[in-house]
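Right, one structure below, let's go through it.
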Amino acid sequence: MKEDLATVAYRRLDELISGPEWTRGGRLPAEESLSRMIGVSRPVLRRALAMLRKEGRVVSNRGSGNFVQPRQAEAPVTWPDLNVRNIAELEQCMRFRLVLETGIAEEAARQRKPGDCERMAEANRQLATGLPDGSLFDADFAFHLSLADATGNPFFERALTGIKPQIRLAYEFSRQLRHVPFNEASRRVTEEHERILEAVRAGQPEAAREAMRDHLGAGLERFFGRTG
């Protein structure tokens, strides 16, 4: 059975406002523009908007327009059955992260928008301010997460957040093995982050990929004598 036009319009609006750019909500385009955007008449559009209002996903203010409601934060997906308990699993975690984050850096250099680079720079500044040892991991991870956000692709952010517990364990494991002074580790990491940021800011995907590979690959080489 063929769907009526209002249902078609509803599905198109649903697809539109389910995008990551609408996570925090916001004002929809004016009805005339929105109807052209999804290819229906304004009366049909209004019926579709009424369906979304009934679901509580859109609110309408007379004279102001239609507003998408912010989405509730979803619980992060994690992989609790994957753990870092020995040297072999440490290497597996570090290699997976290397593959994932070189791709993130490359895509961030292609897709970054105004403000993304400033958020990365601020995260790196926080790392350089002399945080207590226990906070170093969170400050470091914040920089990497800001890169994932800059891709505009929520799958990257979900994948990285999903292995945060494992990355934390790998970080703590490596710190115990290497006994690197806090100030030395913080200085080295912020300098490596800065090279990644410079490449992303310049819109150079290959350079960003290589800078991330150098950053994460250095840890692999120190532990295992190889990155490949």
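For this structure, a couple of remarks:
- The stretch between Ser64 and Glu122 holds 17.4 nm of extra length on full extension. This uses 0.36 nm per residue minus the Cα-Cα distance.
- Peptides 6-19, 55-68, 198-211, ordered by how many other C-beta atoms sit within 10 Å of their residues on average, highest first, read 198-211, 6-19, 55-68.
- For Asp138, solvent-accessible area (1.4 Å; no DNA, RNA or ligand), Å²: 70 Å²
- Using the Cβ-Cβ distance between Arg24 and Asn83 with R0 set to 22 Å, the FRET efficiency from 1/(1 + (r/R0)^6) comes to roughly 0.05.
- The stretch 27-128: relative contact order as a whole-number percent, Cα under 8 Å and 6+ apart: 17 percent
- Across the alpha-carbon atoms of the stretch 105-164, the computed radius of gyration and Dmax are 11.8, 34 angstrom.
- If you sort Phe155, Phe137 by accessible surface, 1.4 Å probe, largest first, the order is Phe155, Phe137.
- Full extension of the chain segment joining Glu32 with Phe223 gains 62.7 nm, where the gain is 0.36 nm per residue of separation less the Cα-Cα distance.
- R0 of 22 Å, Cβ-Cβ distance Asp138-Thr161: FRET efficiency to nearest 0.05: 0.95
The values are calculated or read from the model by the stated rules, or taken from the named source; none is laboratory data. Small disclaimer: the values here were computed from a predicted structure and weren't measured. Neighbour counts run over all protein chains shown; Cβ positions are idealised from the backbone, glycine included. Keep in mind that these areas ignore ligands, DNA and RNA; they rest on the heavy atoms of the full protein, side chains included. Shrake-Rupley method; radii C 1.70, N 1.55, O 1.52, S 1.80 Å.
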